[in-house]
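Data first, discussion second: the structure below is written as structure tokens.
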Amino acid sequence: MTFPDSITIDTLPAFCRARVLILGVGNVLFGDDGFGPAVADYLTGHYAIPDDVYVMDVGTGVRKLLFTITLSAARPEEIVIVDAVDWGKEIGRVTEISASDLPVSKVDDFSLHQLPTSNMLRELQAECGVKVTVVACDVSVMPEMIQPGLSTAVHQAVIRASQQIARRFSLGVGDGR
């Protein structure tokens with residue numbers, strides 16, 4: 001792939017150049033759907049994030065970012081998607097799965113709690129060589145109206161998921177970035 005002279009690897013966004021990209025996905029205005037952004041916030045507030053790890057609250061805009069990474073000349077070695085799901089399991093249960101193990105049903109469904117763009121995550125892993133892991137927290141029914149704030153079970157899951165991610169990537173305790 002060739003680029004105009006003005007575009008180099010160094011001019012690509014930092015999230016494309018990171019070794020590990022951790023994306024908190026969700027809408028903080030709808031209760032437990034704010035799990036992903038809360039984990040991103042907890043990680044940056046409680047851990048020292050090394051320069052080769054990029055933590056980002058992407059809200060509900062993950063699809064555009066994943067598309068950018070798919071087309072980028074530089075990509076992270078690994079992407080961790082942190083999101084709320086409604087799989088009917090115990091509320092607050094944190095599960096880590098590979099993109100290749102995502103449920104095949106509804107791969108084109110971009111609604112909340114079906115994991116964002118499952119087909120794009122699979123493509124990043126299979127076609128682009130990016131390891132994709134999903135850290136998912138099972139949640140209850142989302143409120144139909146704006147209702148910020150996490151339930152107690154999901155708030156506790158934020159801490160557990162953050163600790164799990166911190167151990168996996170050897171994040172030191174600190175004030176974050």
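Overview of values
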item: Built amide H within the under 5 Å cut-off of Gly59, gap 5+; result: Gly26
item: Spacing of the two label points (7 Å from each Cα toward its C-beta) at Ser140 and Leu71, in nm; result: 4.2 nm
item: From the coordinates shown, semi-axes √(5λ) of the Cα gyration tensor in Å corresponds to which of (1) 26, 19, 14; (2) 32, 17, 12; (3) 68, 33, 13; result: (1)
item: Nearest 10 degrees, 0 to 90: helix 35-46 Cα axis against the chain principal axis; result: 70 degrees
item: Relative contact order [Cα under 8 Å, 6+ residues apart], segment 28-173, whole percent; result: 41 percent
item: Range in the chain, longest, excluding exposed chymotrypsin sites (Phe, Trp or Tyr not before Pro) [loop by DSSP; at most 16 other beta-carbon atoms within 10 Å]; result: 1-86
item: Formal net charge of residues neighbouring Ser151 (Cβ-Cβ distance under 15 Å; K, R +1; D, E -1); result: -2
item: Amide H within-cut-off set for Tyr47, under 5 Å, with H built and near neighbours excluded; result: Gly174, Gly176
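Any read-out appearing in this document is the output of simple, stated calculations on the displayed coordinates, not a laboratory observation. Just so you know, these numbers come straight off a predicted model, no measurement behind them. Positions of Cβ are generated from backbone atoms using ideal geometry, with glycine treated the same way; all protein chains shown enter the neighbour counts.
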